[in-house]
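Structure, as structure tokens:
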Amino acid sequence: MAKRTIALAAIVLGVASTVSLGGEAPAGADLGVTLIDLADQQHRQVVVDREPGQYLGHPTTVLLEDGKTMYCVYPKGHGRGALVLKRSDDAGLTWSDRLPIPENWATSKEVPTIHRVVDAQGKKRLIVWSGLYPARLAVSEDDGRSWTPLKPVGDWGGIVVMGCVTDLKTGPGRYLAMFHDDGRFFRGGPGRSYGDVPTGPRTNTMTLYKTFSTDGGLTWSFPESVYKSDEVHLCEPGIIRSPDGKQLAILLRENARRKNSHIMFSDDEGRTWTEPREMPDVLNGDRHTGRYGPDGRLFVSFRCRVPAGKSAPFLGDWVGWVGTYEDLAQGRPGQYHLRIMDNHRGADCAYPAVEVLPDGTFVTTTYGHWTPGEQPYIVSVRFTPAELDALAKRPQR
């Protein structure tokens, strides 16, 4: 079949252009937004960590209040393995050697996540979660200079604990966290194991859970089900608060690959949630993480995946979306869809972290197969909304 050139809205490859695709246009290629490709712009990329022959994956970051100190935590392995912690003192431009951490962080069985929490008395903490069964938590009360060992939070567990943590307006020191499970790790189970982790039976039902803290992240309530289904498998929640502060939204991966990614809303600080609905094709993917820029627009970073039968221009790559909260609420496609980096092995990449610097620069960090034939490693990429706007305005060639 003859090669044809397909115009996908406006494709921006350093300058605006079209993209050449072999054969017929892939389903879902016309996403209704401007497409931007940053993959070849190496001046935006900073290597956080790389080790020959070692898989490094699934990082999250936290930016402290000084706007410069940033921590990154990730496992030596795919979704499990000994944890690694690094610090940047210049907002992610350079990174420390691997930092000393408690010995039992080497026993982590799952993707770690790091979050800032503050209690009712104003005491600031950093917390690191490690999931499966039981879910465990480590705490730092000196901005990451020292840490407790990982300790069980309760007689429960789950997958990607915690996909998101957000502060609540119900009172100081109150937080909501969310995660998911497929039946194996929520309560464990005798006679079954995942490695050395006791498990229950895997089910065809995926359950989304919520848990609350009232003491600044030290203790957490027994998780409650938010949504469960054997038809669509909603998981890996990423939470975004509306600009007026009155509503929470969670963006969700659909792991059965039957439907698009989904979104749910809460108007009562996470106590109840709307029924999930599908998002536009442009937001299809895994592990959505969003932050607001200085002009009020949202940037959401995620891994590009699609339901069976659909395609996408950056399928399997590390991508992002730019739009507004109103776009999310109204189901509109937004403004930009961008490839951040080109992943060279399937869709094994992009559990992304996003931070916003005081000058409005987005710093987004994740793992991927960035070099063909090599193990994945950790990279951050930085840009401003104004830079994306300038790229999008360049004339087509």
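Bear in mind these aren't lab numbers, they're just calculated from the coordinates by the rules spelled out. Remember, it's a predicted structure, so these values are computed and weren't measured experimentally. Backbone-built Cβ (ideal geometry, glycine too); neighbour counts: all protein chains shown.
What to note about this one:
- From phi via Karplus (6.51, -1.76, 1.60), per-residue ³J(HN,Hα) for region 335-340 in Hz, x at Gly/Pro: 10, 10, 10, 10, 8, 8
- Helical contribution to [θ] at 222 nm, DSSP H n ≥ 4, -39,500 (n - 2.57), averaged over the chain, rounded to 500: -1000 deg cm²/dmol
- Taking the number of Cβ atoms within 10 Å of each Cβ as an exposure proxy, the fewest-first ranking of PHE383, PHE265, PHE179 is PHE265, PHE383, PHE179.
- Percent of beta bridges antiparallel (DSSP, the chain, rounded to nearest 5): 95
- In plain terms, the chain from GLU326 to GLU374 could stretch by 13.2 nm, reckoned as 0.36 nm per residue minus the Cα-Cα distance.
- Comparing GLY67, GLY81, GLY163 in a Gaussian network model of the chain (Cα springs below 10 Å), the most mobile by mean-square fluctuation is GLY67.
- Extension gain for GLU103 to ARG187 (0.36 nm times residue separation, less C-alpha to C-alpha distance): 27.7 nm.
- Shown for LEU64, LEU338: other C-beta atoms within 10 Å of each C-beta, ranked fewest to most, produce the order LEU64, LEU338.
- Sorted fewest first by neighbouring Cβ atoms within 10 angstrom, ILE159, ILE378 come out as ILE159, ILE378.
- Here the Karplus relation 6.51 cos²θ - 1.76 cosθ + 1.60, evaluated at θ = phi - 60°, turns the backbone of region 325-334 into coupling constants of 4, 4, 4, 4, 5, 9, x, 8, x, x Hz, with x for every Gly and Pro.
- Rounded FRET efficiency, nearest 0.05, which uses the C-beta distance separating VAL118 from ARG271 and R0 of 22 Å: 0.55
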